[in-house]
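Structure record follows, encoded as structure tokens.
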Amino acid sequence: MMEKVQLLGMKPEELRQWVTGQGLPSYTAGQLQDWIYQKKVRRFEAMTNLSKTTRNLLSERADIYEVLPVHTRKSVDGTIKYLFPTIQGLFIEAVYIPESDRATLCVSSQVGCKMNCTFCMTGRMGFKSDLAVHEILNQILSIPETDTLTNIVFMGMGEPMDNLDEVLKACDRLTATDGFAWSPRRITVSTIGVLPGLKRFLAESHCHLAVSLHTALPDQRLEWMPSQKAWPEKEIIQLLRTYDFSGQRRLSFEYIVFKGLNESKIHADELVRLLKGLECRVNLIRFHTIPNTPFASPDEKILQDFADYLTRKGLRTTIRKSRGEDIQAACGLLSTSNQQ
């Protein structure tokens, strides 16, 4: 039996080429785009301006990927974690975060992760598989709250720059006028600083960028993040200094705060020195406890003092509110523990 082609995530020229290759008129591609991206319809039988013959042919040869979550957990704070199966028989998680003025979905780009950061549950899983563009977009389209979403963050499982082709395809379909037509300012892509991918992302996308830093001391960062050896923070910052972040694109740095390890005046001063002159924001994140780790969550007063000191030194600094910790949905906790 011939494997069906996945239409979700195709660019217009790809869709047009495939449609005409099936002996269908080229305008069918435009009709499909409208149904998939504007109307969010994923069943050919509902596409009423296509002939029955065309719908039957499409049903036989193509698919608009739709896989619903198989498990849901809701936090006391309203955060919802969704478990999705993948084509490979594995699992990924996406997290819906409602707030008074926005609704954000944190999506995954890989099953597991290669980066092996010592403080991250996803890193402990190891790498299992990349996600295809339709598996990324499916997370957005297949939750009940899809129509309430105002923001997407690629901060779930995986390193987006390690699966950049598929992440860029997803960003394109989200922001293109012939796609979902979102503003790039509604999308943030996070990375530990995979330099080859980061260069491409900055050149090919206008979405916001968040860089996981966690300490400005190179030796300490290497101890926590093995990627520091291949892509040192100094080289990451040098690259970022060649781009203009004073316009619509925003640059932020993620800084998980560990009790007694990276919250001192020395750490603050080194962070100020490293980022001096960059148009950016620092997001401080409380460490969320994971099993068998030497790390602990910081004291609230010390965390606030650290933030205040950075602000006085000229770094725009915020403390990110923890969400979904009781359902293992907070930063660094995604691991699909029930996958086999």
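The values are calculated or read from the model by the stated rules, or taken from the named source; none is laboratory data. Treat the numbers as computed from the prediction; the structure is a model and nothing was measured. Methodologically, a virtual Cβ is constructed for each residue, glycine included, from the backbone with ideal geometry; neighbour enumeration extends over all protein chains shown.
Tabulated values for the structure
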{"quantity": "Residue match in the range 234-244 (condition: touching a residue at least 24 places away in the same chain (Cβ under 8 Å), in a helix (DSSP H, G or I) and under 18 Å from the mean Cα position of the chain (by Cα))", "calculated": "no"}
{"quantity": "Residue under evaluation Phe287, criteria (1) aromatic (Phe, Trp, Tyr); (2) over 21 Å from the mean Cα position of the chain (by Cα); (3) closer than 23 Å to Thr118 by Cβ, criterion not met", "calculated": "(2)"}
{"quantity": "Set Ala176, Ala170, Ala132, Ala216: member being out of contact with any strand residue (DSSP E or B) (no Cβ under 6 Å at 6 or more places or on another chain), more than 30 Å from Leu275 (Cβ to Cβ), buried (at least 19 other Cβ atoms within 10 Å of the Cβ) and assigned by TED's automatic domain parsing to the domain that holds Phe258", "calculated": "Ala132"}
{"quantity": "Pair list, Cβ < 6 Å and 6+ apart or interchain, from the range 1-23 residues that are at negative phi and without any contact (Cβ under 8 Å) to a residue 40 or more places away in the chain to residues that are surrounded by 19 or more Cβ atoms within 10 Å (Cβ to Cβ) and in a helix (DSSP H, G or I)", "calculated": "Leu15/Ala29; Arg16/Ala29; Val19/Thr28; Val19/Ala29"}
{"quantity": "Unique residue being among the hydroxyl-bearing types (Ser, Thr, Tyr) and touching a helix residue (DSSP H, G or I) at 6+ places or on another chain (Cβ under 8 Å) when the list is Ser100, Ser142, Ser109, Ser129", "calculated": "Ser109"}
{"quantity": "Near pairs, Cβ below 6 angstrom, 6+ apart or cross-chain, from the range 194-213 (in the same structural domain as Trp231 (by TED's automatic domain parsing) and surrounded by 21 or more Cβ atoms within 10 Å (Cβ to Cβ)) to any residue that is among the hydrophobic types (A, V, I, L, M, F, W, C) and assigned to a helix (DSSP H, G or I)", "calculated": "Val194/Met161; Gly197/Met161; Gly197/Leu164; Leu198/Met161; Cys207/Cys171"}
{"quantity": "Search result, residues across the range 245-267 that are outside any loop (DSSP other than H, G, I, E, B) and within 19 Å of Phe119 (Cα to Cα)", "calculated": "Phe253, Glu254, Tyr255, Ile256, Val257, His267"}
{"quantity": "Count of the range 6-31 residues which are surrounded by 15 or more Cβ atoms within 10 Å (Cβ to Cβ) and closer than 22 Å to Val167 by Cα", "calculated": "9"}
{"quantity": "Odd one out for Ile152, checked against (1) among the β-branched types (Val, Ile, Thr); (2) within 25 Å of Gln6 (Cα to Cα); (3) in contact (Cβ under 8 Å) with a residue 60 or more places away in the chain", "calculated": "(3)"}
{"quantity": "Enumeration of residues in the range 162-175 that are touching a residue at least 12 places away in the same chain (Cβ under 8 Å) and more than 15 Å from Cys117 (Cα to Cα)", "calculated": "Asn163, Leu164, Glu166, Val167, Leu168, Lys169, Ala170, Cys171, Asp172, Arg173, Leu174, Thr175"}
{"quantity": "Contacts under 8 angstrom Cβ, first residue in the range 29-50 being in contact (Cβ under 8 Å) with a residue 40 or more places away in the chain, partner β-branched (Val, Ile, Thr), 6 or more apart", "calculated": "Lys40/Thr146; Arg42/Ile36; Arg42/Ile64"}
{"quantity": "Subset of the range 187-233 that is closer than 19 Å to Tyr255 by Cβ and charged (D, E, K, R) - its residue that is farthest from the chain's Cα centre (by Cα)", "calculated": "Asp219"}
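Residue-by-condition table, conditions (1) touching a Ser or Thr at 6+ places or on another chain (Cβ under 7 Å); (2) in contact (Cβ under 8 Å) with a residue 12 or more places away in the chain; (3) of a type in the set (Asp, Glu); (4) surrounded by fewer than 22 Cβ atoms within 10 Å (Cβ to Cβ):
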position: Val70; (1), (2), (3), (4): no, yes, no, yes
position: Arg73; (1), (2), (3), (4): no, yes, no, yes
position: Val76; (1), (2), (3), (4): no, yes, no, yes
position: Tyr82; (1), (2), (3), (4): yes, yes, no, no
position: Ile87; (1), (2), (3), (4): no, yes, no, yes
position: Ala94; (1), (2), (3), (4): yes, yes, no, no
position: Ser100; (1), (2), (3), (4): no, no, no, yes
position: Ala103; (1), (2), (3), (4): yes, yes, no, yes
